[in-house]
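A quick write-up on the structure given underneath.
The values are calculated or read from the model by the stated rules, or taken from the named source; none is laboratory data. Since this is a predicted model, take the numbers as computed values, not measurements. Virtual Cβ from ideal backbone geometry, glycine too; neighbours counted across all protein chains shown. Areas reflect the complete protein model, heavy atoms only, side chains present, ligands, DNA and RNA absent. Shrake-Rupley method; radii C 1.70, N 1.55, O 1.52, S 1.80 Å.
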Amino acid sequence: LATMMRRSSSIERLGRGLASLATCSSHASRFSNQALDPDWQVGGWYKVSANEVSIWSSPNGKAERVGCLQSSDEVLLVGLHGETSAAEPMGLVVPWSANSPTPGWMILEGPLIRRRLEGSWELKARYTVQSPATLRSGKALTSDWVGEVDPGDEVTVLELGFNEEQKPRLRMRICSGNGQVGWLSPLTSSGHQLLCPLNLLSEKVIDVHKQQSKNLQNFREVGAHVAISAGPRGSVTAMAGGRRTSFTPGSSVPWEVGGQYRILERLSFREDATICSKELGKFRAGQLAEVCDVQLVDQPRGTCPCALIRVIEGSDTGKQGWVLCTSKDGHDQVDTRNQLEAAKVHARLKQEEPEGMNNPMGNADVAKTVHVRRQHVTDKRQVVGRKSWKRLHCLSGVLRPCYRGYAPGKSRHGQDAARLLD
């Protein structure tokens, strides 16, 4: 009997081992079957696939070893050396690992899996500001102050890079909602997110559009978009967004002819702009469409913008028809965030460059304007700070009240009044 029990126990352990081996094999098969990215992207988070991976002080042959990475560690790629198509491209990475907190250079192909992880930063994307952040004229953290962005603001990414002095950090050239252009850090040196890593130009904006939670209403009242995340690459689990109302009768139409916008809800499309015209079908939410024409039509509830759109990305690609851009209660059914915004800003900046060269006093005027604006912000902050003007922001998923322009956890009276978060 004892012998039979021992055999039964051995068979049971063998069965569990085989089942575990089969599970690991299936996971490995699924992992290997996932498509790799075509190239390496600055701003992307990547996973280490090997043990004892060295990172170096520089990309040349005389570099010193500054750290070591282990399998499953995650790194943020902030810079590239040489051509990404080279046999052994080098990249400047910021590790998120207790074993190697020092940024450094490493060989990308082989030690890293060329597949961006969730929470990666992208070019031409649009993000929401979570905490007050400083805009500067260059990548360097010591470059001139240009302005600031506040919680709830949305910014468009124009360029990605890194600062070459001090500890390397990812830097992002952005355009704010009021047209201000400057460099900021999406992450602080300690890993806190100043921007929410959810691209509002992607299909994920549909989830933001659907947020109807009453618990988030208080956050909207103070203008703070809140993302709950864990660490510098935490996934967004909640965001104060909800349905937006971008058009009111008598105001300008926010949808431009030639612009590309995301469809937020399942929409009926018709032959003509009139409500009594023939319905041709329905467009699915999340698809990307180009606006070919815009008209204001009279509805029982009042004037409503109606757009002729053509789907350029999605299951209905090639189909076109007239849709109502707003619903019965006035909220947007077609997003107002133009996918071509980054290209428009680049064109504007390129046009402004010759004008600055032709105006020898331009730089002096700009410097004077920046000084006046900075002094105005400083004076305003000193006055309002005494009245406990607070804003909500989120650092690693923890909501904290902070005085605008001051780092949490430090005395605001002991800080430089013009200093914001970089």
Distance in nm between S54 and D144 label points, each 7 Å along Cα→Cβ, equals 4.4
In order over the stretch 132-144: 3J(HN,Hα) from phi, Karplus 6.51/-1.76/1.60, θ = phi - 60°, whole Hz, x for each Gly or Pro, gives x, 9, 8, 9, 10, 6, x, 5, 5, 5, 9, 6, 4
Ranking by accessible area, most exposed first, for M90, M172 with a 1.4 Å probe: M90, M172
Using a probe of 1.4 angstrom, how much of the accessible area of the stretch 100-206 is carbon and sulfur, in percent? 47
Probe 1.4 Å, protein heavy atoms only - accessible area per residue of the stretch 132-180 in square angstrom: 35
Full-extension gain between I206 and K47, please, as 0.36 nm times their residue separation minus the C-alpha to C-alpha distance. 54.5 nm
